[in-house]
Amino acid sequence: MDTPNKFTRLAILGSTGSIGTQTLDVVEHSGGQYRISVLAAGSRVDDLISQAIKFKPQLAIIARRDLAGILADALSPYGIETASGPEALAEAVTREDVDMVVTATVGFSGLLPTVNAIMAGKDIALANKETLVVAGSLINRLLKQSSSRIYPVDSEHSAIAQCLVGEDPESVHRLIITASGGPFRSWPARRIAEATAKDALKHPNWSMGAKITIDSATMLNKAFEIIEAHYLFGIAPERIRAVVHPQSIVHSMVEFKDGAIKAQLGVPDMHLPIAYALGCGKRLGCISPRLKLSDIYTMTFEEPDIKRFPAITLAQYALERGGNTSCIINGANEIANAAFINGKIGFNDIYKCIVNIIDSVEFVEHPTLEDLLETDRKARHKASEYISSL
Ligand code: NAD
Ligand code: MG
């Protein structure tokens, strides 16, 4: 990254969430390597106000418009500019005082700011995997015409990026993405069918936002990560496999032509992959707890059970069918995931909702940005209709 300053100026989208707050931890421990130009959140206005008073950005944005007044009143005495609404997030990433954008909002909301950031030549620390799920081909096309680079925050993709350093891309045989298996890994199918949101929100290893925690329980998160890896590393879908590793110590692996397998190990803590992305592949200091090898009694690996967790098969399906398929899947999932959290549908209805609406949204082989916005809108509408019919 070319920056005339000694420090990198960040826009953090989703600053009050799990990734957002951990990004601010990394900034705080970086010894002044980063400055915050923009902080943006969805609805947690009180948290955003505290963060803004502490980190003194030029601009603080709240996506929910009805909270604009509260934000402005609280931050104007500090001389901090404020704005509201999704378009304010999308505009803020192009500001002259932003070198890198951290995309840590949830779901489809990550797409437009990322597109704008790429068009403005800003580097991106990408946590919002849904951006690559819904628009991987489009994002890669835009990257080819831009100086912008994407640094993955997702722990699996950070691990793969670390394993690929110094390697010839031609020598990669396959990517092995590890999965914890989620809270229902050892549950029988009958018990999973009765699972509540409270059960699904108890992730065994990782502390994350609610939406991704439910996606981990269905294992759709792993399908999304296979799609994400395909677009980030240019590896064919049939050469990306997922393996269940309940201890979450090996964050992912790369197997090379000669049979060698490289892995990245660490405690399940997102500070390290966030710091690796902010450093554009250079290592910052350690703020995660260090992994003590003497504490690891066993590391096990097993095949994912596609009967109990069929959502994992949607990666292969979406990449083979191509076009706007994964955008349809994502839109349906966002509605079904939220409906499950709100107790409106059962756990297995999430997958049923997705597969039931795939064919009801028009297939577009080479979707433009407008096509994807329309696909997302239709998928959400069809998913809501399906859920009402249950
Ligand atoms: P979270 O729910 O904890 O936080 C989300 C943040 O985004 C909050 O600040 C919220 O206010 C904001 N937000 C949500 N919707 C928004 C909208 N429409 N417009 C503007 N702001 C909005 O979520 P999280 O767990 O931090 O996940 C963020 C992203 O990172 C997701 O795409 C997730 O898949 C990805 N990710 C998270 C983890 C993790 O450990 N949490 C790991 C890998 C990838
Ligand atoms: Mg992950």
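Quick look at the numbers
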item: Cα-Cα separations in segment 8-148 greater than 26 Å, expressed as whole percent; result: 17
item: Heavy atoms of Phe233: accessible area, 1.4 Å probe, square angstrom to 10; result: 50
item: Spatially proximal lysines relative to Lys122 (Cα-Cα < 23 Å; intrachain offsets below 8 disregarded); result: Lys6, Lys56, Lys144, Lys282
item: Residues of segment 6-36 with amide N under 15 Å of the 7 Å Cα→Cβ point at Ser147; result: 9
item: Heavy-atom surface of the chain, accessible at 1.4 Å and reported per residue (Å²); result: 44
item: Rg and Dmax of the chain, Cα atoms only, in Å; result: 20.3, 62
item: Whole-percent carbon and sulfur share, accessible surface of segment 8-148, 1.4 Å; result: 50
item: Too-long pairs where the Cα-Cα distance tops 29 Å, listed order kept, from Lys211/Lys257; Lys222/Lys292; Lys129/Lys382; Lys222/Lys352; result: Lys211/Lys257
item: Förster-model FRET efficiency, 56 Å R0, Cys280 and His381, C-beta, rounded to 0.05; result: 0.90
item: Net charge dipole size for segment 8-148 [Lys, Arg +1 and Asp, Glu -1 on Cβ; Debye, nearest 20]; result: 320
item: Contour excess over end-to-end distance, with Cα ends at Leu369 and Asp295 and 0.36 nm allotted per residue; result: 21.8 nm
item: 10 Å beta-carbon shell around Arg239, net charge (K/R +1, D/E -1); result: 0
item: Structure-based [θ]222 nm, the chain - -39500 (n - 2.57) summed over DSSP H runs of at least 4, per residue, nearest 500; result: -13000 deg cm²/dmol
item: Cα-centre dipole for the chain with unit charges at Cβ (Lys and Arg positive, Asp and Glu negative), debye to 20; result: 660
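The values are calculated or read from the model by the stated rules, or taken from the named source; none is laboratory data. All values reported here derive from a predicted model rather than from experimental measurement. In this analysis, Cβ positions are derived from the backbone assuming ideal geometry, glycine residues included, and neighbour counts consider all displayed protein chains. What goes into the accessible areas is simple: the full protein's heavy atoms, side chains included, and nothing from ligands, DNA or RNA. Shrake-Rupley method; radii C 1.70, N 1.55, O 1.52, S 1.80 Å.
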